[in-house]
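**Q** I'd like to ask you about the structure that follows.
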Amino acid sequence: MFLELFKSLLFKYYVGNEPDRWFRLIRSIPPEFVKKAQGRDFKAVVKLVAERSPFYREKFKKLGIDPRSVEKPSDLGEFYTTSKDLLENPPEAFLCGTPRIGFETTGTSSNKNKRIFFSQEEIDSIAKDAPAGLLLLGLRRGDKVCSTMHSSFWNAGFTIREAMRHFDCFYVNADKLPPIEFYERAQSYKFDAIVCEPSWLVLYTELCKQRGGFWPIKFFLVGGENMTEHARRFVEEAWNCNVFIGYGMTETFGSVGVECPSKMGYHINEFHNWCEILKPDADGYGELVVTTLQRSTMPLLRYRTSDVTRLIDEPCTCAIPNIRRIAKIRGRSDEMINCGMGNISPPIFEYAFDGIQGITNDWQVAVKKDGPLDLIEFRFEIANGSSAAELEKVVTDQFKTRYPDYWRNVEMGLYKLACRFEPRGTLRKKQKLIKVVDERHELWESKI
Ligand SMILES: [Zn+2]
């Protein structure tokens, strides 16, 4: 692809293993250049999948799409690639080249995992971009880095390892150890940066609070799931350092974007991804759709991510103002539920529960039925032996204060509200916890 060729020449003759050189180049690339190159690469991807991928070839035929007339994503009309497509078709249906490395997604709502395949060249190309981002976050030559991302079928640990090959640092892959085991072993390294999952980081920080054992650390980079601002604040205050969030998915080898020191959205890697927002609302928020631009093994065209965000066109205040951003992920489109309380999604409850002591960060809101009414059940895990009755009062009082309109509707009898408290560690059944679930259909099904 055009940008890939341009980049490989730059790395060969100028950048080498010096991330600051790539960083300086990225800073000086005008957005118009990126846009033009994206256009060329998009057309090349469409041509490739039309020729080689049975899935896309059949879809184009069925929908009457002439690939030669497609210049930009909107020319494909209502055609998108979905998670369902990846689950219902074998990877071979999407393959345009010989795969060398494969991963599986962790998934939130399905028992099946999506399988995504790459070539080594594709992985190298994505990995070469990461050091420039890490440099911006404060990583320097000679620093000690550790990843506690698990690497069983999943790409995250592998992605960090590949990125670190292009940064002159010391690196340890810890994999996802229980925090207590990591605690014992990390002390002798005193890492400068740790890449991990947010839920693991909160547990690890709680452990360090109980036992002591903080050391000066530059930053944590978290990914794999969203992190509430409450959890971020908790970790940052405890360690007196920054927590940055990276955003990506296995489908993109984890590389859509990463925060900068201003923490006002993720700077997106537009060399690799063409991002669109599907059906944006009045504030520009909608589902993120990504087309991979540099992949020829298993390219994805207009892939619906289910993540809700918006494109930010205003320049950032950091050192790379020319690199576009998307806002922090607001939730998943499949987690937005219309019910008696209104249109609900995780951010509503993040604010409702923010700052409440005695519960863990793993909570869940379920929509159930109680007679003709919707019952909204708040599910919490008790963190430190607080009493359920006391916690229920605190939760209800805060909900009442922060959302007087929602509370008024409870009092008017438009829906019901309940709290349920569980022991720590019981809500998360899979890798990712679905924050808002609709369980009304289960009730209907059980009656049939
Ligand atoms: Zn920035």
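**Q** Looking only at region 233-256, filter to residues that are within 16 Å of the ligand (Cβ to nearest atom) and of a type in the set (Phe, Trp, Tyr); which one of those is farthest from Ile329 (Cα to Cα)?
**A** For region 233-256, the residue satisfying everything is Phe244.
**Q** Scanning region 195-214 for residues that are closer than 15 Å to Glu181 by Cα and of a type in the set (D, E, K, R), which turns out nearest to the chain's Cα centre (by Cα)?
**A** The qualifying residue nearest to the chain's Cα centre (by Cα) is Glu206.
**Q** Applying the selection to region 326-346, what residues are under 24 Å from Ile268 (Cα atoms) and in a strand (DSSP E or B)?
**A** Hits for region 326-346 are Ile326, Gly331, Arg332.
**Q** Turning to a different aspect of this structure: Report the residue count in region 134-163 for those that are within 26 Å of Asp20 (Cβ to Cβ) and of a type in the set (Ser, Thr, Tyr).
**A** 2
**Q** Among the residues of region 253-275 satisfying the criterion of being hydroxyl-bearing (Ser, Thr, Tyr) and crowded, with 23+ Cβ neighbours inside 10 Å, which is farthest from Pro321 (Cα to Cα)?
**A** Ser255
Here is a yes/no grid of residues against (1) in a loop (DSSP other than H, G, I, E, B); (2) touching a residue at least 24 places away in the same chain (Cβ under 8 Å); (3) touching a helix residue (DSSP H, G or I) at 6+ places or on another chain (Cβ under 6 Å); (4) away from the ligand (no atom under 16 Å from the Cβ):
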{"position": "Val258", "(1), (2), (3), (4)": "no, yes, yes, no"}
{"position": "Asp283", "(1), (2), (3), (4)": "yes, yes, no, yes"}
{"position": "Leu288", "(1), (2), (3), (4)": "no, yes, no, yes"}
{"position": "Gln294", "(1), (2), (3), (4)": "yes, yes, yes, yes"}
{"position": "Thr305", "(1), (2), (3), (4)": "no, yes, no, yes"}
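**Q** For the subset of region 265-281 comprising residues that are modelled with pLDDT under 95 and within 16 Å of the ligand (Cβ to nearest atom), which member is nearest to the chain's Cα centre (by Cα)?
**A** Restricting to residues being modelled with pLDDT under 95 and within 16 Å of the ligand (Cβ to nearest atom), the top hit is Asn269.
**Q** Can you tell me how many residues within region 131-176 are among the small types (Gly, Ala, Ser), within 16 Å of the ligand (Cβ to nearest atom) and either over 20 Å from Leu25 (Cα atoms) or surrounded by 18 or more Cβ atoms within 10 Å (Cβ to Cβ) (or both)?
**A** 2
**Q** Checking Arg40 against (1) under 16 Å from Tyr303 (Cα atoms); (2) part of a helix (DSSP H, G or I), only one condition comes out false. Which one?
**A** (1)
**Q** Kindly indicate whether Ala352 is in contact with a Phe, Trp or Tyr (Cβ under 7 Å, 6 or more places away or on another chain), of a type in the set (Gly, Ala, Ser) and not assigned by TED's automatic domain parsing to the domain that holds Leu86.
**A** Judged against the criteria, Ala352 is a match.
**Q** Filter region 201-235 down to residues that are within 18 Å of Gly358 (Cα to Cα) and of a type in the set (Phe, Trp, Tyr), then give me how many there are.
**A** 2
**Q** Taking interchain pairs and intrachain pairs at least six residues apart, which have beta carbon atoms under 9 angstrom, with the first residue in region 136-148 and under 21 Å from Ser262 (Cβ atoms) and the second part of a loop (DSSP other than H, G, I, E, B) and within 16 Å of the ligand (Cβ to nearest atom)?
**A** Leu136/Cys260; Leu136/Pro261; Leu136/Cys318; Leu136/Ala319; Leu136/Ile320; Leu137/Cys260; Leu137/Pro261; Gly138/Pro261
**Q** Which pairs have Cβ atoms under 7 Å, sit 6 or more apart or on different chains, and link a residue in region 230-245 that is under 18 Å from Thr360 (Cα atoms) to one that is basic (Lys, Arg)?
**A** That search, which allows pairs on different chains as well, returns Ala238/Lys209.
**Q** Could you tell me whether region 350-364 includes any residue that is part of a helix (DSSP H, G or I), more than 16 Å from the ligand (Cβ to nearest atom) and of a type outside the set (Phe, Trp, Tyr)?
**A** Scanning region 350-364, I find at least one residue that is part of a helix (DSSP H, G or I), more than 16 Å from the ligand (Cβ to nearest atom) and of a type outside the set (Phe, Trp, Tyr), so the answer is yes.
**Q** Could I ask something else about it? Could you list, in sequence order, the residues of region 204-238 that are part of a helix (DSSP H, G or I) and surrounded by 19 or more Cβ atoms within 10 Å (Cβ to Cβ)?
**A** Tyr204, Thr205, Ala231, Arg232, Phe234, Val235
**Q** Another question, then. Which of the residues belonging to region 372-405 are aromatic (Phe, Trp, Tyr) and not in a helix (DSSP H, G or I)?
**A** The answer is Phe378, Phe380, Tyr403.
**Q** If you scan region 318-349, which residues turn out to be under 20 Å from the mean Cα position of the chain (by Cα) and at pLDDT 90 or above?
**A** Ile323, Arg324, Arg325, Ile326, Ala327, Lys328, Phe349
**Q** I'm trying to understand the selection: among the residues of region 308-344, which are in contact (Cβ under 8 Å) with a residue 60 or more places away in the chain, under 16 Å from Val290 (Cβ atoms) and either of a type in the set (Phe, Trp, Tyr) or more than 16 Å from the ligand (Cβ to nearest atom) (or both)?
**A** Residues satisfying the conditions are Ile329, Arg332.
**Q** Ok, one more. Only one of Ile434, Ile448 is at pLDDT below 90 and in contact with a strand residue (DSSP E or B) (Cβ under 9 Å, 6 or more places away or on another chain). Can you tell me which?
**A** Exactly one residue qualifies, and that residue is Ile434.
The values are calculated or read from the model by the stated rules, or taken from the named source; none is laboratory data. All of these numbers come straight from a predicted model, not from anything done at the bench. When we count neighbours, we look across all protein chains shown, and the Cβ atoms used for this are built from the backbone with ideal geometry, even at glycine.
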